[in-house]
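These notes concern the structure reproduced below.
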Amino acid sequence: MTTRNLNTARKTFGAGALVALAVLFIGVTILITFVLRGARLDLTESKLYSIAPGTQRIVTSLKEPINLYFFFSQEASAESPQLRAYAQRVRELLEEMAERSKGKLKLTVVDPQPFSEDEDRAAEYGLQAVPLGARNDSLYFGLAGTNSTDGREVIAFFQPDKEEFLEYDVASLIHRLGNPQKPTVGLISALPVDAQFDQLSGRMNPGWASIGQLHEQMQLRTLATDVATIEPDVNVLMVIHPKDLPAKTLYAIDQFVMRGGKLIAFVDPQSENDPAGQQGGPMSMVPRSSSLGPLLDAWGVEFDPGKVLGDRGLGLTVSLQQGQPPSQHVAIVGLNRDSMNTKDVVTATLDSINVMTTGVLKKKDGATIQFEPLLQSSADSELLPVMRLAFLPDSRSLLEDFKATGERYVVAARVHGKLKSAYPNGAPAAEGPDAAKPAGEHKAESAGDADLIVVADTDMLADPLWVRTQNVFGQHFAMAWANNGDFLANAVDNLAGSGDLISIRGRQSFFRPFTKVDELRRHADEQLSAKEKELDKELKDTEKKLSELEAGRTGAGSLVLSPEQEAELTRFQQERVRVRKELRDVRRSLDVEIEGLGTRLKILNIALVPALLAIGAIVLAITRRRRLRAGRAAAHTG
């Protein structure tokens, strides 16, 4: 074969290769477009752009179409880039959910312009308009959802400080629209918490405001304290002050949890609202404690009904008797923001919760459960015997011999995991000749991972600790001054949702902090603080000596200093300038490493990637040239 024919064959082969590559590229593009439609790859550290498995199951299990309307004012948010970035995050999450819902979620993005029908529509849904910018333009940033039965749910405004619970809030809205029937909450209580007729006064007792709120949100069903079976249609069982419950009721509660039922239990070492204790007066010896008998112990939770929390750091100032001056009561505790778990949806948005003569909870040694504190005391706390509060003439006496242990005690906790029944051998023996036998098959362990919330106080639900009642034109209104009722509503609402909804926990924030910069800043502070203190002390000593020398001057400009003292004065002045300059240099050096990090990042972003591409191209060119030379040599030899 001649050289000319060889060159022609090469050109023909090269052109054919280019055509083949173009056809292959188009074919792969079409294949990816149709076969891999909807496929996504999330490379973020905390999977910010991937929905949780619980959310996936919620959106794919929808039985009817749901319409979502995402309202965001583009023009009004023009001067807030951070808010616009968060709005993009919300929109991407909604689009991801709609993509995964198999057509059941229909998303519509609306930009409500001022004085438009879209703005009227947003207001009709109940979305909150926030004034923003110099002109106070109305900004809408919320979500409205509807289902086929005229159900409506809204998120009035997406608050950036709740970004960690964004997925939970949206998934909860979708779950409520997909399950419009109100959940049933069973109530077992030894306290008069619900509205009931008072035979002594002949009037209706309105009950506690915290329970009244649940009536508006749930179907609340009161159960007897000696019930033998919890009906299967009960979604959440709420047990308040389970004092002296019979064995059959404890077994019914145990089996309810083993079957997968959700439980929220309020136990107490000393319930100040126990009617039996109130009838006996302040010196009564009638026990006012309650527990769940063997249940908590079997489930891996420790609770000592003989111990009460005393918190000197968070104890409220109260007056126990009329005419008595107020004083701190370490057993009446005002839990603040630092006492609450900000990573749990139940307590993330709460600010204050008041408890009284509360107990403490603890994870049992060797237990395999997940024990997550929701409410905790301060470190300035200790445990007090219940008997110290039974005969308490003055709250100041509790401060005598008070010794804080430095431990933060758990007042409320979420328990999650596989549980063992407190009755491994089956139902306890029936009590009495007419005792009802429990229905259903005995379960020795929970069907799956159980979910329950345990609180070591019942008084927190009573009105005096969180609401004030006002009479307005003959109508009584409860004005909340603490978040006790919100805690109960959040806890029951969270448990009433599906197990998938409970599994969706707070995600890492979309707005990532500069952790490396913060680490460098802390490291620099630690290294430079000692030097800064040393220079500060040296500067003060120098200025002190200067003041002493200058005090030797008399009159206006006349000197009584010797030449040696004058030289010493000049040296101290120069020393002061040097120390001040060195101090400024030390403070400036704080940013040196941070600026160096920024420079390195710029080099990586601007220079490294192009350099790698250039090196790759050079290597490819060299390899190709070698192959061409080898081909020519083989052709020449042939």
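Going by the structure shown, is Phe72 among the aromatic types (Phe, Trp, Tyr) and buried (at least 16 other Cβ atoms within 10 Å of the Cβ)? So Phe72 passes the test.
Take the range 131-159 and flag every residue that is among the hydrophobic types (A, V, I, L, M, F, W, C) and closer than 24 Å to Arg176 by Cβ.
Taking the range 131-159 as the starting set, the residues that turn out to be among the hydrophobic types (A, V, I, L, M, F, W, C) are 132, 134, 139, 141, 143-144, 154-158.
Of everything in the range 131-159, those that are among the hydrophobic types (A, V, I, L, M, F, W, C) and closer than 24 Å to Arg176 by Cβ turn out to be Phe141, Leu143, Ala144, Val154, Ile155, Ala156, Phe157, Phe158.
Annotation: of all residues in the range 290-348 being more than 29 Å from Met258 (Cβ to Cβ) and of a type in the set (Asp, Glu), the one that is surrounded by the fewest Cβ atoms within 10 Å (Cβ to Cβ) is Asp338. Here Ile453 meets the list (1) within 21 Å of the chain's Cα centre (by Cα); (2) farther than 24 Å from Thr229 by Cα; (3) at pLDDT 95 or above almost entirely, failing just condition (2). Would you confirm, using the coordinates I've provided, whether Lys262 is modelled with pLDDT under 95 and at negative phi? Against the criterion (modelled with pLDDT under 95 and at negative phi), Lys262 does not qualify. Output the number of residues of the range 225-258 satisfying the condition of being in a loop (DSSP other than H, G, I, E, B) and either under 18 Å from Glu441 (Cβ atoms) or free of Cβ contacts under 8 Å to residues at least 60 places away in the same chain (or both). Residues meeting the conditions: 14.
Taking Val360, is it of a type in the set (A, V, I, L, M) and modelled with pLDDT under 95?
Working: of a type in the set (A, V, I, L, M): yes; modelled with pLDDT under 95: no.
Answer is no for this residue.
A count restricted to the range 381-404 and to residues that are assigned to a loop (DSSP other than H, G, I, E, B) and either among the β-branched types (Val, Ile, Thr) or surrounded by 18 or more Cβ atoms within 10 Å (Cβ to Cβ) (or both) stands at 1.
Report whether or not Asp150 is without any contact (Cβ under 8 Å) to a residue 40 or more places away in the chain, on the phi > 0 side of the Ramachandran plot and either surrounded by fewer than 17 Cβ atoms within 10 Å (Cβ to Cβ) or not charged (D, E, K, R) (or both). Let's see the steps before the verdict.
Numbers: without any contact (Cβ under 8 Å) to a residue 40 or more places away in the chain: yes; on the phi > 0 side of the Ramachandran plot: yes; either surrounded by fewer than 17 Cβ atoms within 10 Å (Cβ to Cβ) or not charged (D, E, K, R) (or both): yes.
In short, yes.
Have a look at Ala430, Ala478, Ala447, Ala482 and point out the one that is modelled with pLDDT of 65 or more, assigned to a strand (DSSP E or B) and surrounded by fewer than 20 Cβ atoms within 10 Å (Cβ to Cβ). So that I can check it myself, show each step before the final result.
Values: Ala430 fails: assigned to a strand (DSSP E or B); Ala447 fails: assigned to a strand (DSSP E or B); Ala482 fails: assigned to a strand (DSSP E or B).
Just a single option satisfies the conditions, and that option is Ala478.
Do we find a residue being surrounded by fewer than 21 Cβ atoms within 10 Å (Cβ to Cβ), at pLDDT 90 or above, touching a strand residue (DSSP E or B) at 6+ places or on another chain (Cβ under 9 Å) and part of a strand (DSSP E or B) anywhere in the range 190-212? Within the range 190-212 (the criterion being surrounded by fewer than 21 Cβ atoms within 10 Å (Cβ to Cβ), at pLDDT 90 or above, touching a strand residue (DSSP E or B) at 6+ places or on another chain (Cβ under 9 Å) and part of a strand (DSSP E or B)), the answer is no, since none of the residues qualifies. Does Ser503 fit the bill of being over 19 Å from the mean Cα position of the chain (by Cα), at pLDDT 70 or above, polar (S, T, N, Q) and under 30 Å from Gly178 (Cβ atoms)? No; evaluated as a whole, the condition is false for this residue.
This table checks each residue for (1) more than 19 Å from Leu263 (Cα to Cα); (2) under 33 Å from the mean Cα position of the chain (by Cα); (3) not basic (Lys, Arg).
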| residue | (1), (2), (3) |
| --- | --- |
| Thr358 | yes, yes, yes |
| Gly366 | yes, yes, yes |
| Leu375 | no, yes, yes |
| Ala379 | yes, yes, yes |
| Leu383 | yes, yes, yes |
| Met387 | yes, no, yes |
| Phe391 | yes, no, yes |
| Ala404 | yes, yes, yes |
| Arg414 | no, yes, no |
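The values are calculated or read from the model by the stated rules, or taken from the named source; none is laboratory data. Worth saying up front: this structure is predicted, and the values here are computed from it rather than measured. Counting neighbours? That spans all protein chains shown, and the Cβs are built from the backbone with ideal geometry, glycine included.
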